[in-house]
Every structure is written in structure tokens, then in C-alpha cells.
Amino acid sequence: MTEETLTQQEVDTSFSLFDQIEQKEHEQIIVCSEPKVGLRAIIAIHNTALGPALGGTRMWTYKSDKEALRDVLRLSRGMTYKAAVAGLNLGGGKAVIIGDPQKDKTEALFRAYGRFIEGLAGRYITAEDVGTSIPDMEWVRMETKYVTGISRALGGSGDPSSVTALGVYMGMKACAKKQFGSDSLKNKKVSIQGAGHVSAYLAEMLAKEGAKIYISDIFQDKVTKIIEKTGAIGVDPDNIYDLDVDIYSPCALGGTLNSDTIPKLKASIVAGSANNQLDTEEIHGQMLIDKGIMYAPDYVINAGGLINVANELEGYNSSRAHEQASRIYDVILDILDHAENRGIPTYVASNELAEHRLHQIGRIK
Ligand code: NAD
């Protein structure tokens, strides 16, 4: 093909795949295509210094390949840090399937995808994520053993929410110890945003300890269920930020710590399960510090889900998974101490501790 026959897009030198990969030090990108079954997927292996790269498969209607690539690069890097700080012998990876999870799921698609994972011979281990579910992973499992998050019936770990909730609860107690001088949550006022899977378990643990719980959801029936079980007080979703509480626990969506909500917060601790809680890390991490609010980094306190699926690799054992998730207490305390000693935000402290472990224990690249 001559230069003249190339389209404008083909001669566009502003986008370099290798620049993208090298920017955040990814090891490998695998582009998976099987047109016959409509499979278009990208697997990103960020770092295998501590062990095989484990991370879920997201299925989403990405508007462009570039958008899908950007997402998988960002998410896989996050998994390296999450596994490292959780003390797991796992690396970071993630995958995206380009497609509509409501319309495009077939056995053929997930099995074709499973064969690509099998081809990586264990360098990447997958799990469910946004847009994928346990039945999808069971199709993947028909082609490869490098998949976690399958049902209990098939020897897997099933729903991770109780383990995630335990990690959040223990992380919250660690914050209380540092902020209030005692890790008891008795009579502490805790507001929870979201009345989903994690919140249901979390509210039970808090109620058992005698905390006063306020809970909101956009679906009233979910709130009612938790109120009936725990005696929590239901709150209108718009009012959750204004409550006069000790601890705010975001367990719904990402980005809820932002320039609109932080000025309203009266809590002195933020500790919840949602991913990507800080709308912009630098700006909103600093806003929390300026208000004297202690922030438990999201990817550390919600690592119970990852700990749960990681347990499948050694033969799933629920009590071991819960035991490991309760160690999030110590991890959060370490991070809070490190942040205090170095005068840095907690999300920076957790990144530093993850990097320290990668360099100390991992094979340095
Ligand atoms: P879920 O879908 O069961 O619950 C989320 C709840 O938030 C839903 O009930 C939803 O209606 C509610 N919600 C949405 N928007 C809201 C709003 N504006 N105000 C109040 N409520 C709102 O999800 P989950 O499994 O409980 O997970 C909760 C969060 O924790 C998610 O962000 C998830 O990514 C994260 N997380 C979950 C796990 C896990 O093991 N389930 C692990 C790690 C991270």
C-alpha cells in the first residue's frame, strides 16, 4: 500500500499504541477478535511482579476502540495496586468486551473469549465485573480454568458481598481507632449511601455493634428491607450528605465525593465500598484533608471482593476469605500512619505502600 492510498485516520500519528502501553508501564495488551461470534475484547496485563494478573471482565457499549483501550489500561493498573496493598500474591489485569450486556451475550461469545484466556496459560485470570455475571463466567470456565467468581455449586466463591462488607467494617473500625481513639462503633452515627448487596451485610454488622445507622437508596424497597433487619433510619437520597454523623459510608456509585458534596459533609470519616469515590483524586482528596475528614482509600477498604475470588485459586474456603478480609483493619491503620508521618493524603499513602511491596517482594522488571 502506498502512502497516497492511506486514509487520514491511518496516517494519524498522534495515537501510538506503544506510547499508551508504556505510559503506565503495562506489560502486555491482547486484542481478541472472533467476528463469527461478535467477539471484540481487549485484555490488559499491567504487572505480574507479584503473581498472575487477576481482574474482572467488563462488558460495555464503548463508543470507540480507543475508549475501550483507555478503560482497560486504567482498570488493570488499579488492580496491580489493589492486589499489592491487600497483601495478595497476584498481579494486576483487567479485560473489556465491547458490546451491550443486555443484548450481545451468548455462550459462543464467552466461550471464544475463554479460549483467548486459556491461550495466556495463566498469566491472566478473569472474574466477573460490571456487565458480566456468574453465568457468563461459567461459560468462560468451559474453555479455561483461569477464571474465578463462579458459583458455589461449581466450587467457586459465589457472591463476594459479605466478604467485601467485612473488609469495609474492619476498615471503618481502624479509622475510628485513629480518629476517635477507640475502634468501637457503639453509638457512632453512620450514614450509608446505597442499600445494595454490600450495604445489607455492612448494616447488620454495624447494628450488632450498636451503631446508629442512616441509610438511603433510590429504591425504597431496598431501604425498607434493611430497616426491618437492623432498625436503621431511612433517609432521602438527596439528604444523605447533610446528616450530622460520625462516619459516611459511600456504598453506591463512584464520584460521590466531589465539590458539591464535600462541603456538606459533617462526618469525620469516609469509609465505604464504592469504587472511585473521589471525583478527582488530587482536588477532592485535598478537600477532605482541609475539612479534617479521614478518608479510607476505596480500593483498599473494598478489597474483600478481590480477596474472596483470589481464595478460589487455592480451593475456596469461606472462613479463610473472611479471616483475610478482616486484616484490612491493619492495612488501613498502616496507611493512616504512613499518611500522617509523611504528611500526604491517604490515597497517595496507599499507592506508596503498594509500590513498596511491588519493589520489595516482586520481581523487579
Ligand atoms: P448493588 O448494586 O447491590 O448496590 C448499589 C445500590 O446503590 C443499589 O441498591 C442502587 O439502587 C443504589 N444507588 C444507586 N444510586 C444511588 C444514589 N444516588 N443514592 C443512593 N443509592 C443509590 O452493589 P453492591 O454489590 O452492593 O456494591 C456497592 C458498591 O461497592 C459498588 O460501587 C461496587 O462497585 C462496590 N464494590 C462492591 C463489591 C462487592 O463485593 N459487591 C466489591 C468491591 C466494590
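The values are calculated or read from the model by the stated rules, or taken from the named source; none is laboratory data. Here the structure is a predicted model, which means the values were calculated and not measured. Reconstructed Cβ throughout: ideal geometry from the backbone, glycine too, with neighbour counts over all protein chains shown. The protein model used for the area step is the full one, side chains on, heavy atoms only, and it has no ligands, DNA or RNA in it. Shrake-Rupley method; radii C 1.70, N 1.55, O 1.52, S 1.80 Å.
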Enumeration of residues in region 123-177 that are farther than 21 Å from residue 78 by Cβ, part of a helix (DSSP H, G or I) and β-branched (Val, Ile, Thr): 134, 140
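Residues checked against (1) out of contact with any His (no Cβ under 8 Å at 6 or more places or on another chain); (2) farther than 29 Å from residue 166 by Cβ:
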residue: 49; (1), (2): yes, no
residue: 74; (1), (2): yes, no
residue: 83; (1), (2): yes, no
residue: 91; (1), (2): no, no
residue: 102; (1), (2): yes, yes
residue: 108; (1), (2): yes, yes
residue: 113; (1), (2): yes, yes
Looking only at region 143-167, and only at residues there that are farther than 14 Å from residue 198 by Cα and of a type in the set (Gly, Ala, Ser), the one that is most open to solvent (accessible area, probe 1.4 Å): 153
Flag for residue 128 being among the charged types (D, E, K, R), closer than 24 Å to residue 59 by Cα and in contact (Cβ under 8 Å) with a residue 60 or more places away in the chain: yes
Scope region 115-142; condition buried (at least 23 other Cβ atoms within 10 Å of the Cβ) and closer than 18 Å to residue 31 by Cβ; matching residues: 117, 124, 126, 140
Residue match in region 257-271 (condition: near the ligand (Cβ under 9 Å from one of its atoms) and on the phi < 0 side of the Ramachandran plot): no
Out of 78, 92, 114, 87, sole residue that is assigned to a helix (DSSP H, G or I) and either of a type in the set (S, T, N, Q) or closer than 27 Å to residue 328 by Cα (or both): 78
Residues satisfying the stated conditions in region 193-226, i.e. among the acidic types (Asp, Glu) and more than 9 Å from the ligand (Cβ to nearest atom): 204, 209, 221
Checking residue 33 against (1) open to solvent by 60 Å² or more (accessible area, probe 1.4 Å); (2) at pLDDT below 95, the condition it does not meet: (2)
Test: residue 254 is surrounded by 15 or more Cβ atoms within 10 Å (Cβ to Cβ) and either within 16 Å of the ligand (Cβ to nearest atom) or in contact (Cβ under 8 Å) with a residue 24 or more places away in the chain (or both): no
In region 316-336, the residues that are hydrophobic (A, V, I, L, M, F, W, C) and buried (at least 20 other Cβ atoms within 10 Å of the Cβ): 321, 325, 328, 331, 332, 335, 336
Condition met for residue 190 (open to solvent by less than 30 Å² (accessible area, probe 1.4 Å), farther than 19 Å from residue 302 by Cβ and more than 11 Å from the ligand (Cβ to nearest atom)): no
Check on residue 181, farther than 29 Å from residue 329 by Cβ, at pLDDT 95 or above and surrounded by fewer than 16 Cβ atoms within 10 Å (Cβ to Cβ): no
Test: residue in region 149-161 that is closer than 30 Å to residue 93 by Cβ, basic (Lys, Arg) and more than 9 Å from the ligand (Cβ to nearest atom): yes
From the options 108, 68, 86, 112, residue that is within 30 Å of residue 361 (Cβ to Cβ) and either more than 22 Å from the chain's Cα centre (by Cα) or of a type in the set (Gly, Ala, Ser) (or both): 86
Enumeration of residues in region 285-315 that are surrounded by fewer than 20 Cβ atoms within 10 Å (Cβ to Cβ) and more than 19 Å from residue 275 (Cα to Cα): 289, 290, 291, 292, 313, 314, 315
Contacts under 8 angstrom Cβ, first residue in region 207-223 being more than 17 Å from residue 197 (Cβ to Cβ) and at pLDDT 95 or above, partner open to solvent by less than 40 Å² (accessible area, probe 1.4 Å) and away from the ligand (no atom under 16 Å from the Cβ), 6 or more apart: 209/185; 210/185; 211/185
